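One structure is given here, and the rest of the page talks about it.
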Amino acid sequence: MANQKVLKKTGRAGSSLLLWIMEMGFKILAPIAAAISLGDQGGFLSKIGSGLGSLPEKIRELLRTLNNTDYVTGIINDYNSLTASAFNEKYGGDAINNVMQYLNEGVTYLQNVYQNITAEPVSTVLAALLVFMLLYLFSRLMRFIRQRGQGSVIDKMERRAGEKIFSSSNM
């Protein structure tokens, strides 16, 4: 009997942790997916499909970009501080091309967003908003399930305080 209670509590804690991880994941993915749909070339449905469908690929690209940031920053600092021969000896001839390609990816994305907003402002903004809200609502659903529809501890304290304050004074 005591064993069953421990298993039940462990199961609840594990499922609660899994639901919390899913909630946070959806909250993190929502703005990323919206940004992807902002930069996608195509119609309304294409933007939505791109925002949701290319998340794994874009997350890998984002992580690769973040991993390369230190390297690119080091190249830029060394370019400004080393002599030309020392720089070429350390990095070779393609270092500046790699930095320019790295920066060009960001510029291309910003140009795509600008073109989408100027050419199709309504469909672009609505697609990004829809993708964001869909993923954010999934995160809220995970939270609702995790908290069993009761809200957080803070929500419960606020409700109790509100009941005490506003029920005692006849407003």
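Considering G106, G92, the condition of being under 30 Å from G43 (Cβ atoms) and without any contact (Cβ under 8 Å) to a residue 24 or more places away in the chain is satisfied by G106 alone. Taking the conditions exactly as written (at pLDDT below 90, assigned to a helix (DSSP H, G or I) and surrounded by 10 or more Cβ atoms within 10 Å (Cβ to Cβ)), does I117 satisfy them or not? In short, no. Would you confirm whether or not segment 131-148 contains a residue that is among the polar types (S, T, N, Q), touching a helix residue (DSSP H, G or I) at 6+ places or on another chain (Cβ under 9 Å) and part of a loop (DSSP other than H, G, I, E, B)? Yes, segment 131-148 has at least one match.
Go through the residues of segment 143-164 one by one and say whether even a single one is open to solvent by less than 60 Å² (accessible area, probe 1.4 Å) and either farther than 30 Å from A33 by Cβ or over 32 Å from the mean Cα position of the chain (by Cα) (or both). Yes, there is a match, as at least one residue in segment 143-164 is open to solvent by less than 60 Å² (accessible area, probe 1.4 Å) and either farther than 30 Å from A33 by Cβ or over 32 Å from the mean Cα position of the chain (by Cα) (or both).
Is there a residue being open to solvent by 90 Å² or more (accessible area, probe 1.4 Å), under 30 Å from W20 (Cβ atoms) and at pLDDT below 90 anywhere in segment 94-101? The answer is no, given that none of the residues of segment 94-101 is open to solvent by 90 Å² or more (accessible area, probe 1.4 Å), under 30 Å from W20 (Cβ atoms) and at pLDDT below 90. Taken residue by residue, segment 98-110 has no member that is of a type in the set (V, I, T) and closer than 30 Å to M142 by Cβ.
The values are calculated or read from the model by the stated rules, or taken from the named source; none is laboratory data. This is a predicted model, so every value here is computed, not measured. Neighbour counts are summed over all protein chains in view; Cβ atoms, including those assigned to glycine, are modelled from backbone coordinates with ideal geometry. Surface accessibility is based on the protein's heavy atoms, side chains included, excluding ligands, DNA and RNA. Shrake-Rupley method; radii C 1.70, N 1.55, O 1.52, S 1.80 Å.
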